[in-house]
Amino acid sequence: MAKKTATDDLLAPVTLAVGQEDLLLDRAVAEVVAAARAADADTDVRDLAPEALQPGTLAELVSPSLFAERKVIVVRNSQDLSADTIKDVKAYLGAPAEEITLVLLHAGGAKGKGLLDAARKAGAREVACPKMTKPADRLAFVREEFRTAGRSATPEACQSLVDAIGSDLRELASACSQLAADVDGTIDDAVVARYYTGRAEATGFEVADLAVTGRAVEALERLRWALAVGQPLPGITFALASGVRSIGKLATAPRGARPADLARELGMPPWKIDRVRQQMRGWSGDGVAAALRAVAEADAAVKGAAADPAYALEKAVVTIARAARSRG
Amino acid sequence: MPVWDDLVGQGPVVESLTAAARDADAFVTAVASGEAPSSATSKMTHAWLFTGPPGSGRATAARAFAAALQCVSPDRALGGVPGCGFCDGCHTTLVGTHADVEVVATDQLSIGVKDTRDLVRRSSLSPAGGRWQVIVLQDADRLTEGAGNVLLKAVEEPAPRTVWLLCAPSVEDVLPTIRSRCRLLTLRTPPVDAVADVLVRRDGIEPELAAVVARATQGHIDRARRLATDERARARRAAVLRLPLQLGDIGGCLKAAQTLVDSATEDAKQVAEEVDAKETEELRAALGAASGAGRRMPRGTAGVMKELADRQKRRSTRTQRDTLDLALTDLAGFYRDVLAVQLGTAAPVANAEVRDAIDRIAASGRPEQTLRRIEAILACREALDGNVAPLLAVEAMTMALRAG
């Protein structure tokens, strides 16, 4: 397949970068530009927003110049191109000009899909730039960053870096390069802790998971982080309520029922059932009642019934953690 | 049939309203015939506040008074009381088509400043029929604080022929500054027999059924009629009254709460389906879009569509809350019966159809517990009013009901 052979060649006539992660899109562009400059130092780079590419502009740009210089044309947000311009681009895809590298950045998705398909069909080199939503992906990204920089980093160091910086890939990348530049030797937990401390992201669900297993201290700490990073308060009470609720539901469900049946009856995904089973040791019926009432009070408090919603949330978390040890 | 007939068991209120309507009529007649009206002893005034428990007929009273003000019956000249119920003025007011009677009710959570400003502007118009410009504000308790302040001036000194009729459950529900500008009329809960009587007389409901629903709703006329005529309302109420027996364990409590909230959501969805789709389609048509969902809208109309969607969403919240509130009222009534049985009072049991459940719960607990349970239900209503997540609030309540 043409696509396969073209994949490795950075100077393929057409490069397609698909996804919404800005950092990766920029890197894809930078790679192509660097390769082009390496081949010819006088390469002309045109970086165009979709509005800048009017019908006819492309033909003008790709027409041979007097000095036959190399050119890289970058079209950003190509899904937003007007219909007429897309026609131009498609026509060009059929007959790409020599010495010219076209880089199309596309968000993926349904908008402007015709252009995407046409480019793929024409054998464009494709770079995937998806948004990283899973924590594991971000961890892998950090590891890869250190590896590219030729540095070794311990897994704990990578984890605490992700914890401290959060989900912005650009910030993660710059933190990695900063660490690689500033520190000699292996990058470990202590090094990361010297430069980055704290926690950039804490969700209500993390608070709830800690609270319902009775770990009051950790839950309170996580709650403080969640408040500090500006988590919406009703979201936290919602998470607490659903944590306690699922324990109440599962605790009174018939024993020995198959997980799939239970999942359907209780309205929870099957993987969650096992986790809630783990959490539910130590809970008693009265504990669930007390905890739920505390959460309801906190919910009223965060919606304006109390002067200090943070205190109300802390109180609810402590009540839940205490209830989680109410049996035996 | 005089306009006052729909008001059940409100003798003193009807008396003072009739007197006011008579003086108002004398005023209009005097002005029309070019005489100087004698206003010194008039019982009429320009702003009235109707209060009374839900179901006592605040809106009905206000509407009847509005009709009496617009009454053009020839009997008046012969000393008849205004409010005949037959003349043009009475009839059009009662069916809601009178040009000079504006009834303001909202299907949303509150009445905002914007709507109120508009209302104030309209209130200063002269009556088209030459009698009175009457504005009936049915949900004065839903005025936001800002909206209440907008009304102040208009209520204090309206145009010469403008009359404001505000309705609210209690005087605490409106701003003190509004309260002090109105003449207060307090309606009482109509006696059960009177409600049953009016159901039979006016709505043609079987006497036995009328007696049952009148007792079950404890003097709330509209609910009694709804219960007597709507199969679904009866089913929902029956489901709510089964709830106290389902609170054996935590799982039962959670499930009962879920069911209660789900049925309220379902109800809101049903209302939404009936009204929203039609409303949206009408607006689309008005904006000039091709018919059929998903067609492209003309440029610049997205904002209007969004506004409509927001309004529909607020209405849906209100419906859900109202339904839940109704269910909680029924539940409170159930525990009221339990308490009556526990204390051995002579008060008749309202929910006779679940007598055995009442007896069972009464025997298994003490009056203190029942009182705490009623407190929990009231606390839940308050929490819902404070915008607590409905499921969470109801769950906390069922937990409290279980604990007693």
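The values are calculated or read from the model by the stated rules, or taken from the named source; none is laboratory data. Just so it is clear, the model here is predicted, and its values are computed rather than measured. Heads up, the Cβs are rebuilt from the backbone with ideal geometry, glycines too, and the neighbour counts pull from every protein chain shown. Remember, those area values only see protein heavy atoms, side chains included, never the ligands or the DNA or RNA. Shrake-Rupley method; radii C 1.70, N 1.55, O 1.52, S 1.80 Å.
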Q.
Just the residues that are aliphatic (A, V, I, L, M) and over 32 Å from the mean Cα position of the chain (by Cα), please, taken from segment A:263-295.
A. A:V288, A:A289, A:A290, A:A291, A:L292, A:A294
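Could you tell me whether segment A:231-244 includes any residue that is touching a Phe, Trp or Tyr at 6+ places or on another chain (Cβ under 6 Å) and at negative phi? First the steps, then the outcome.
First, the residues of segment A:231-244 that are touching a Phe, Trp or Tyr at 6+ places or on another chain (Cβ under 6 Å): A:239.
Next, from what is left, pick out any that are at negative phi: A:239.
Checking segment A:231-244: at least one residue is touching a Phe, Trp or Tyr at 6+ places or on another chain (Cβ under 6 Å) and at negative phi.
Of the residues B:R215, B:R223, B:R237, only one is touching a helix residue (DSSP H, G or I) at 6+ places or on another chain (Cβ under 9 Å), open to solvent by less than 20 Å² (accessible area, probe 1.4 Å) and away from every other protein chain (no Cβ under 14 Å); which?
Of the residues listed, the single one that is touching a helix residue (DSSP H, G or I) at 6+ places or on another chain (Cβ under 9 Å), open to solvent by less than 20 Å² (accessible area, probe 1.4 Å) and away from every other protein chain (no Cβ under 14 Å) is B:R237.
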Q. Here is a list of conditions, (1) farther than 25 Å from B:L401 by Cα; (2) modelled with pLDDT of 90 or more, and A:A296 meets all of them except one; can you say which number that is?
A. (1)
Q) Mind checking whether some residue in segment B:19-30 is part of a loop (DSSP other than H, G, I, E, B) and either within 18 Å of B:V103 (Cβ to Cβ) or open to solvent by less than 60 Å² (accessible area, probe 1.4 Å) (or both)? A) no
Q) From the list A:A260, A:A300, A:A226, A:A239, which residue is out of contact with any Gly (no Cβ under 7 Å at 6 or more places or on another chain) and either in contact (Cβ under 8 Å) with a residue 60 or more places away in the chain or assigned by TED's automatic domain parsing to the domain that holds A:A316 (or both)? A) A:A260
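Inside segment B:333-404, counting only helices (runs of 4 or more DSSP H) that do not spill past its ends, which hold 1 or more residues that are over 20 Å from B:R237 (Cα atoms), more than 11 Å from chain A (Cβ to nearest Cβ) and of a type in the set (D, E)? Please lay out each step first, then the result.
Working: elements: B:355-364, B:367-385, B:390-403.
It comes to B:367-385.
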Q: Test each condition in (1) closer than 29 Å to A:G267 by Cα; (2) within 19 Å of the chain's Cα centre (by Cα); (3) in contact (Cβ under 8 Å) with a residue 60 or more places away in the chain for B:R223 and report the one that comes out false.
A: (1)
Q | Qualifying residues in segment A:302-315 (those that are within 32 Å of the chain's Cα centre (by Cα) and either on the phi > 0 side of the Ramachandran plot or open to solvent by less than 30 Å² (accessible area, probe 1.4 Å) (or both)) - the one nearest to the other protein chains (Cβ to nearest Cβ) | A | A:V302
Q: Only residues in segment A:268-281 that are within 15 Å of A:L210 (Cα to Cα) count as the first member; pair them with residues that are β-branched (V, I, T) and surrounded by 14 or more Cβ atoms within 10 Å (Cβ to Cβ), Cβ under 8 angstrom, at least 6 apart or cross-chain, and list the lot.
A: A:V276/A:I247; A:Q278/A:T213; A:Q279/A:V212; A:Q279/A:T213; A:Q279/A:I247; A:M280/A:I247
Q | Identity of the residue in segment A:269-301, touching a Leu at 6+ places or on another chain (Cβ under 7 Å) and more than 7 Å from chain B (Cβ to nearest Cβ), that ends up nearest to B:A396 (Cα to Cα) | A | A:A298
